[in-house]
Amino acid sequence: MFNNLSNKLSKIINSISNKSLLSKYNIDDSIKKIKTTLLESDVSILVVDDIINRIKNKIKKNNSISFTNGEQFINVIHQELVNTIKNNTKISLSDKSKSLLLIGAPGSGKTTSIVKIAKLIQNTGKKVLVTSIDIYRPAAFLQLELLSKLAKVDYLLLHNYSNSIDIVEQVLEYFKLNNYDRLLIDTAGKIYNNNYIEDIKKVNSLLKLSEIMLVTDITIGQDIINLAKNINNYLLVDSIMITKMDSDAKGGTILSLKHIINKPIKFVGTGEKINEIELFNPSKIISKILGITINTSYLRNINNSFSKNSNKISNNFNLSDFLKQLKKINKISGINGILNKIPGITNVFSNIKYGINHIDNKFLIKIEAVINSMTNLEKNSPYIIKSSHKKRISKGSGVNIQDINILLKQFFLVKKTIKTVRNNNFLKILNNMNKLVTNKFYKK
């Protein structure tokens, strides 16, 4: 999510975060870089100009920022980006509206989203019913039925009707008869069809207390803005759900969308599974984009795992200890799990060719084979390992000498910085382990 935008902004943030004194040049240069990055990441130029002007005005009002530390300046950037996408009212699942109409372009993920939302509302104790008026797509009813069964959400699908108004009338009767609290309605992706728009207006009027939610796919880039504008010209959209937030999209469109059509973003879809949906949290999203928020409790768990028996580790850290520590990390939730939970981590692993998403956890098996093929003396004093030792270790472990060299090189780098875990400087250790996970250990 936001990989492109996040990586670039994280580098800018990291370059100023540790400065104890900022000059006017530092600030101006950082603002220029932020502007360029936002424009390159599909943020509308109007939105970029607005964000940059607000940042400059905030600094102008508080001249002391020019002479203080980087953290204060970063807080200004964070807050103004949050202000760009924040909602005016608090998002709640207990809305006054009895029904929710989901509209959006074909392929935006409406059908999956409706079941996700239904499940989320159902989990609050509400009785929820889902249905569809997508009479244009033959597989629409079947898809909604399968997903509803999977999520254990009630559904009523009237296949034999060819008119959306007739469907809604029948569904409403069933809804009232069975005392449901919320009705969620899937629609066709014919948002540019005038007849269909008129149909939606009639359905909306018939439902009375209803809400129209625009479901939009973040991967369509700048088209998301044109789509939102066009729909808003024909229909009064009440809220927004953004899907495919787990994709590699540039991500800047989320800043443009909220700013331009000024409707609350309620939900974000973070994956394909039914439970991969979240209430929109602007501060959380901006923190991820900037790469400045690390889950401190999670990091503490990692640090505690490293720091056990720290006296032993500090001076007598050997290859057996090295393997034990790697296994401890892996047990926490897997190396991939750890790395993905730390925003901005891809900047630390800039030398990894395929990125952290391709790390193969099984590389530990190779490392273990190498270390287990060593003598106790070699494990405790790896500096004695020369060419003849490596040939024997290679034959015993089935790993080539180049991999053994990489392992030893990284062991010595980690040993140099292992003491920093006492200061929670886990990223520094990861940085020195950068080359350990080479393409030799990637999934092919």
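Read-outs: derived from the displayed coordinates by stated rules, not from any lab. Just so you know, these numbers come straight off a predicted model, no measurement behind them. Cβ sites come from the backbone with ideal geometry, for glycine too, and all protein chains shown count toward neighbours.
Where a ≥ b ≥ c are the square roots of the eigenvalues of the C-alpha gyration tensor, would you call segment 94-181 rounded, which needs a/c under 1.5, or, failing that, prolate if a/b is larger than b/c, or oblate? Intermediate results must be reported in sequence, preceding the final value.
Numbers: a/c = 1.59, a/b = 1.18, b/c = 1.35.
It comes out oblate by the Cα gyration axes.
Under 5 Å between amide hydrogens, built in the peptide plane, is the criterion, and for ILE277 it picks out THR270 among residues at least 5 positions away or on other chains.
Here the extension length gained between ILE384 and GLU71 equals 108.1 nm, from 0.36 nm per residue of separation less the Cα-Cα distance. Pairs spanning more than 28 Å between alpha-carbon atoms, out of LYS11/LYS273; LYS86/LYS152; LYS208/LYS284; LYS327/LYS395; LYS116/LYS202: LYS11/LYS273; LYS86/LYS152; LYS208/LYS284. Note on segment 93-141 and segment 363-393: Cα centroid distance 58 Å, given to the nearest whole angstrom.
What are the semi-axes of the equivalent ellipsoid for segment 99-279, taken as the square roots of 5 times the Cα gyration tensor eigenvalues, largest first, in whole Å? Could the numbers behind the result be given before it?
Working: eigenvalues 122, 72, 43 Å².
Largest first, segment 99-279 gives 25, 19, 15 Å.
Couplings for segment 47-57, taken from phi via the Karplus curve 6.51 cos²θ - 1.76 cosθ + 1.60 with θ = phi - 60°, read 5, 4, 4, 5, 4, 4, 5, 5, 4, 5, 5 Hz in order; Gly and Pro are left as x.
Taking every Cα-Cα distance in segment 31-144 and sorting them into 5 Å bins starting at zero, the pair-distance distribution P(r) comes out as 2, 8, 14, 13, 10, 10, 10, 11, 10, 7, 3, 2, 0 percent. Straight Cα distances below 20 angstrom link LYS24 to the aspartates and glutamates ASP49, GLU71, GLU80, with same-chain residues fewer than 8 positions distant left out.
Close amide H contacts of ASP217 (hydrogens built in the peptide plane, cut-off under 5 Å, sequence separation of 5 or more or a different chain): THR243.
Give, in nm to one decimal, the length gained when the segment between SER320 and HIS159 is fully stretched (0.36 nm per residue of separation minus the Cα-Cα distance).
Working: separation 161, 0.36 × 161 = 57.96 nm, distance 6.47 nm.
Difference between extended and current length: 51.5 nm.
Taking label positions 7 Å along the Cα-Cβ direction at both LEU150 and ILE91, the computed distance is 2.2 nm, reported to one decimal. Counting every other Cβ atom within 10 Å of each residue's Cβ, TYR161, TYR180 order from fewest to most as TYR161, TYR180.
As a calculated quantity, the FRET efficiency between ASP49 and ASP29 at R0 = 30 Å, using C-beta atoms, amounts to about 0.95.
Here segment 145-192 has an Rg and Dmax of 11.9, 35 Å, counting Cα atoms alone.
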